[in-house]
Structure formats: structure tokens, C-alpha cells
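A.B. asks: Sharing a structure, written as C-alpha cells. Questions coming.
The values are calculated or read from the model by the stated rules, or taken from the named source; none is laboratory data. Given the structure is predicted, the values throughout are model-derived calculations rather than measurements. Glycine gets a Cβ as well: all are built from the backbone with ideal geometry, and neighbour counts include every protein chain shown.
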Amino acid sequence: MKRIVPLLLLSMTLPAGAVDSADRVLSEVKAMGLLNGQALACSRPESVARIKALMIKLTPKSRLYGTAFETATNESFLAQTGNEPAACRDAALLSELVEDEAKRLQAALADAVPK
């Protein structure tokens, strides 16, 4: 409850588009985390390194984004390696997906910046 009240107050002071943009950024950060979990589980060090570099370069340093990324990474890793492991994607396809997601993240971040 203590965390919800400040967030509600903050969201009331922001235009509706800013909240939507922030949600979109958070969604893209989570998507990058999902790809990171797959890359880790499937031993794709090039993709892991690329995702790390992109996250450091592009994403604002905040607990919200960091937690979302880590949670998505963990969930994806566990899903990939769990009782019924999913098949690993081809390294080239995973790299392509990472680059596509990076473009979506950049676009979401650009939309979230006040103009």
C-alpha cells in the first residue's frame, strides 16, 4: 500500500500519454529480459553480451526497469530449462530477435521522452 499511493499520485500528475509510454518501455524491457533468459539457457554468449550492452546503453537506470528485466530473465530461463524444456532458437534467429527488440525499445524510449 505504501508503494501504491506515491505511484498513483505520480500518475495523476503525468499526461495519459506519458503513462502509456512508460508502460510501453516497461513492456519492451520485459521482452528483452525474456530474450536474455533464452540466451542464457541456450548458451548463446553473443546474444547475452549484446543484450547486456543494449540494456546498459539504452535503458534508464532504475529499480523498476532492473527488476522487470531480471524477473523476465529468470522466468524465461526457468521456462527454457524446466521439466519440459523448450527447444533453443537458432543463434542467428535469436540475434535477429534481439536486434528487432532493441529497435522497439529505442522507439518506446523515444516516445517516453517529453518533447
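A.B. asks: Would you pick out the residues in the stretch 106-115 that are assigned to a loop (DSSP other than H, G, I, E, B) and either surrounded by 15 or more Cβ atoms within 10 Å (Cβ to Cβ) or in contact (Cβ under 8 Å) with a residue 24 or more places away in the chain (or both)?
C.D. replies: Restricting attention to the stretch 106-115, the residues satisfying the condition of being assigned to a loop (DSSP other than H, G, I, E, B) are 113-115.
P114, the sole residue that qualifies.
A.B. asks: Related question: In this structure, does T67 turn out to be in contact (Cβ under 8 Å) with a residue 24 or more places away in the chain, surrounded by fewer than 18 Cβ atoms within 10 Å (Cβ to Cβ), of a type in the set (S, T, Y) and part of a helix (DSSP H, G or I)?
C.D. replies: Values: in contact (Cβ under 8 Å) with a residue 24 or more places away in the chain: no; surrounded by fewer than 18 Cβ atoms within 10 Å (Cβ to Cβ): yes; of a type in the set (S, T, Y): yes; part of a helix (DSSP H, G or I): yes.
No; evaluated as a whole, the condition is false for this residue.
A.B. asks: Could I ask something else about it? In contact with a Cys (Cβ under 8 Å, 6 or more places away or on another chain), outside any helix (DSSP H, G or I) and on the phi < 0 side of the Ramachandran plot - does that describe any residue in the stretch 88-105?
C.D. replies: Within the stretch 88-105, one or more residues are in contact with a Cys (Cβ under 8 Å, 6 or more places away or on another chain), outside any helix (DSSP H, G or I) and on the phi < 0 side of the Ramachandran plot.
A.B. asks: Restricted to the stretch 1-56, and to residues that are over 30 Å from G82 (Cα atoms) and among the β-branched types (V, I, T), which residue is modelled with the lowest pLDDT? Please lay out each step first, then the result.
C.D. replies: Pass one, the stretch 1-56, residues over 30 Å from G82 (Cα atoms): 1-22.
When the remaining residues are screened for being among the β-branched types (V, I, T), the result is 4-5, 13, 19.
Values: I4: 42, V5: 38, T13: 42, V19: 48.
Of everything passing the filter in the stretch 1-56, V5 is modelled with the lowest pLDDT.
A.B. asks: Something else now. Check A112, A87 and return the single one that is in contact with a helix residue (DSSP H, G or I) (Cβ under 8 Å, 6 or more places away or on another chain), small (G, A, S) and at pLDDT below 95. Step through it out loud before you land on a result.
C.D. replies: Values: A87 fails: in contact with a helix residue (DSSP H, G or I) (Cβ under 8 Å, 6 or more places away or on another chain).
A112 is the lone residue from the list that is in contact with a helix residue (DSSP H, G or I) (Cβ under 8 Å, 6 or more places away or on another chain), small (G, A, S) and at pLDDT below 95.
A.B. asks: For the stretch 32-53, which positions are buried (at least 19 other Cβ atoms within 10 Å of the Cβ) and under 12 Å from the mean Cα position of the chain (by Cα)? Step through it out loud before you land on a result.
C.D. replies: We begin by selecting, within the stretch 32-53, every residue buried (at least 19 other Cβ atoms within 10 Å of the Cβ); these are 32-42, 44, 47-48, 50-51.
Once the filter is applied, which keeps residues that are buried (at least 19 other Cβ atoms within 10 Å of the Cβ) and under 12 Å from the mean Cα position of the chain (by Cα), the stretch 32-53 yields M32, G33, L34, L35, N36, G37, I51.
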